[in-house]
Amino acid sequence: MVKLTRFDNGLRLVTEENSGVRSVSVGFWVGAGSGYENAENNGISHFTEHVMYKGTAEMTAAQIAERFEDLGASMNAFTSKEATCYYFKSIDENLEECFALLSHIFYASTYDDAELDKERKVIMEEINMVEDAPEDICYDRLAECAYRGTGLAQTILGPTENVARFRGDDVRAYLAKMYTPDNVVISMAGNIPHERAEELIAKYVLPVCGKGKCAKTVAPRAVGGGFSKYEKDFEQVNMAFAFPSVPFDHPDSAVQNVVSFCFGMGMSSRLFQVLREQKGLVYNVYTSASAYENNGSFGIYVNTSGKNVAEAVAAVRDEVIKLRRDGLTAEELARAKSQLRSSAIFALENTLSMMNAYGKYTLCTDKVYDFDKRLADIANVTENDVRRFCEKTFDFSKVSAAYVGKAGPLEKTDIYAEFTK
């Protein structure tokens, strides 16, 4: 059973006890990401995540890593457009020591400028790595169009000029603004009773987490639309298309998941079968739905060769038109429900997956994730629901598109004009 505690200072704790396992996954979730940044500080959320582990007054970065490994635990962190998460997974008998360690890092890191300079180089290399990753570039270019005019249009890593000038004082100021208790959720899943989790927070977090209030601006609903290109001598072409869709936890989220599965997830999906198996136009094609507080998009991603660009664009467009006109068959609907139900149940067996699901959901909605409701929502999707969703979502006048690859194919085909005609 999932349980939620709201402390007086706004901090939230969400847990699910599973006494059938011997592990516990713990995450400190913060409502901070590139979607809440501006041009001047774009990248600061990701920068902060990186330097969080660079040392406290009591421990060096090396000692932090060694201590987690001494305890047999794995630890890591990630930043997205609307959240940052610091987490570990440990065996239950080492939970308290690992929790004390992560709490200490989260609230007592010193952000020494010498250590930050070292990590700055690492982040610069990460940015350079993305420049050699056409699929990542395509995601970023698509976001520029789909979320134009909002913080969500910015990259998570930020521009190099911003990363080059962030200092310890910048990080500390950002923490004071964003890492307030009302903007933090601590999520635990595994062999941990809720009452024990409350005790750990009372011992290690409440005495040091303060009482401030977060001051952040949520990205408004984006206008979207338009085309972005990045021409470089990559061997393959990456293209992406995005239709404005539903925000996080929308009543149609389950409908969107069903549609996405049937249309572009897995080897049985329409796009894979038509573009790869039947026509041999692509190496990979898939769909992916992104959802944020006020925004969402239904994305289609294509990897192909330059000579197949025009034909691949036309094939994707034809399949979108068919989907919008006809919806899904009863057989497709049944297959999607079965697969999505299985995936959700499989996730229950992984404490890290459940910690992520509970933490993100509470952070974004201030509610408890209801697993049974999710299964019911999937089971209750009808062919009429699908048809209604597709008719509303797949509006070519609002589509965004991105292209990453050699210049040649664009000289022969205006892919945005062809896709939106």
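Give the residue, chosen from Asp117, Asp136, Asp169, that is part of a helix (DSSP H, G or I) and under 30 Å from Gln236 (Cβ atoms).
On the way: Asp117 fails: under 30 Å from Gln236 (Cβ atoms); Asp169 fails: under 30 Å from Gln236 (Cβ atoms).
The match here is Asp136.
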Which residues, counting only those in segment 184-203, are closer than 28 Å to Leu348 by Cα and open to solvent by 10 Å² or more (accessible area, probe 1.4 Å)? Asn191, Pro193, His194, Glu195, Arg196, Glu198, Glu199, Ala202
Give me a count of the residues in segment 48-63 that are open to solvent by less than 20 Å² (accessible area, probe 1.4 Å), outside any helix (DSSP H, G or I) and within 19 Å of Ala176 (Cβ to Cβ). 2
Residues of segment 252-279 being assigned to a loop (DSSP other than H, G, I, E, B) and touching a residue at least 12 places away in the same chain (Cβ under 8 Å), which ones? Asp252, Met265, Gly266, Ser268, Ser269, Lys279
The lone condition Thr413 fails out of (1) hydroxyl-bearing (Ser, Thr, Tyr); (2) open to solvent by 30 Å² or more (accessible area, probe 1.4 Å); (3) modelled with pLDDT under 95 is (2)
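Answer yes or no as to whether Ile105 is in contact with a strand residue (DSSP E or B) (Cβ under 8 Å, 6 or more places away or on another chain), within 21 Å of Met178 (Cα to Cα), touching a residue at least 40 places away in the same chain (Cβ under 8 Å) and part of a loop (DSSP other than H, G, I, E, B). Walk me through it before giving the result.
On the way: in contact with a strand residue (DSSP E or B) (Cβ under 8 Å, 6 or more places away or on another chain): yes; within 21 Å of Met178 (Cα to Cα): yes; touching a residue at least 40 places away in the same chain (Cβ under 8 Å): yes; part of a loop (DSSP other than H, G, I, E, B): no.
Against the criterion (in contact with a strand residue (DSSP E or B) (Cβ under 8 Å, 6 or more places away or on another chain), within 21 Å of Met178 (Cα to Cα), touching a residue at least 40 places away in the same chain (Cβ under 8 Å) and part of a loop (DSSP other than H, G, I, E, B)), Ile105 does not qualify.
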Of (1) farther than 30 Å from Leu328 by Cα; (2) part of a helix (DSSP H, G or I); (3) of a type outside the set (A, V, I, L, M); (4) in contact (Cβ under 8 Å) with a residue 60 or more places away in the chain, Cys209 satisfies every one except (2)
Could you tell me which numbered condition Ile123 fails, if it satisfies all but one of (1) touching a His at 6+ places or on another chain (Cβ under 8 Å); (2) open to solvent by 20 Å² or more (accessible area, probe 1.4 Å)? (2)
Could you run through segment 24-47 and say how many residues are in contact with a strand residue (DSSP E or B) (Cβ under 7 Å, 6 or more places away or on another chain) and assigned to a loop (DSSP other than H, G, I, E, B)? 2
Of residues in segment 75-127 being within 22 Å of the chain's Cα centre (by Cα) and of a type in the set (Lys, Arg), the one farthest from Gln154 (Cα to Cα): Lys89
Can you tell me which of Ser74, Ser45, Ser80, Ser34 is surrounded by fewer than 24 Cβ atoms within 10 Å (Cβ to Cβ), under 24 Å from Arg221 (Cβ atoms) and small (Gly, Ala, Ser)? Ser80
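Open to solvent by less than 60 Å² (accessible area, probe 1.4 Å), in contact with a Leu (Cβ under 7 Å, 6 or more places away or on another chain) and of a type in the set (Val, Ile, Thr): is that true of Ile156 in this structure? Walk me through it before giving the result.
Numbers: open to solvent by less than 60 Å² (accessible area, probe 1.4 Å): yes; in contact with a Leu (Cβ under 7 Å, 6 or more places away or on another chain): no; of a type in the set (Val, Ile, Thr): yes.
Considered against the rule, which asks whether it is open to solvent by less than 60 Å² (accessible area, probe 1.4 Å), in contact with a Leu (Cβ under 7 Å, 6 or more places away or on another chain) and of a type in the set (Val, Ile, Thr), Ile156 comes out as no.
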Looking only at segment 19-37, and only at residues there that are polar (S, T, N, Q) and at pLDDT 95 or above, the one that is farthest from Leu175 (Cα to Cα): Ser23
Hey, can you tell me all the residues within segment 276-291 that are out of contact with any strand residue (DSSP E or B) (no Cβ under 6 Å at 6 or more places or on another chain) and open to solvent by 40 Å² or more (accessible area, probe 1.4 Å)? Glu277, Gln278, Lys279, Gly280
Please give the number of the condition Arg67 fails out of (1) of a type outside the set (Val, Ile, Thr); (2) under 22 Å from Glu97 (Cα atoms); (3) at pLDDT 95 or above; (4) open to solvent by less than 70 Å² (accessible area, probe 1.4 Å). (4)
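If the requirement is being more than 30 Å from Ser297 (Cβ to Cβ), touching a residue at least 24 places away in the same chain (Cβ under 8 Å) and among the hydrophobic types (A, V, I, L, M, F, W, C), which of these qualifies: Leu152, Leu157, Leu200? Walk me through it before giving the result.
Working: Leu152 fails: more than 30 Å from Ser297 (Cβ to Cβ); Leu157 fails: more than 30 Å from Ser297 (Cβ to Cβ).
On inspection, the qualifying residue turns out to be Leu200.
The values are calculated or read from the model by the stated rules, or taken from the named source; none is laboratory data. In this text the structure is predicted, and so the values were computed from the model without any measurement. With ideal geometry, Cβ positions are generated from the backbone for all residues, glycine too; neighbour counts draw on all protein chains shown. Just the protein is used for accessible areas: all its heavy atoms, side chains included, with ligands, DNA and RNA removed. Shrake-Rupley method; radii C 1.70, N 1.55, O 1.52, S 1.80 Å.
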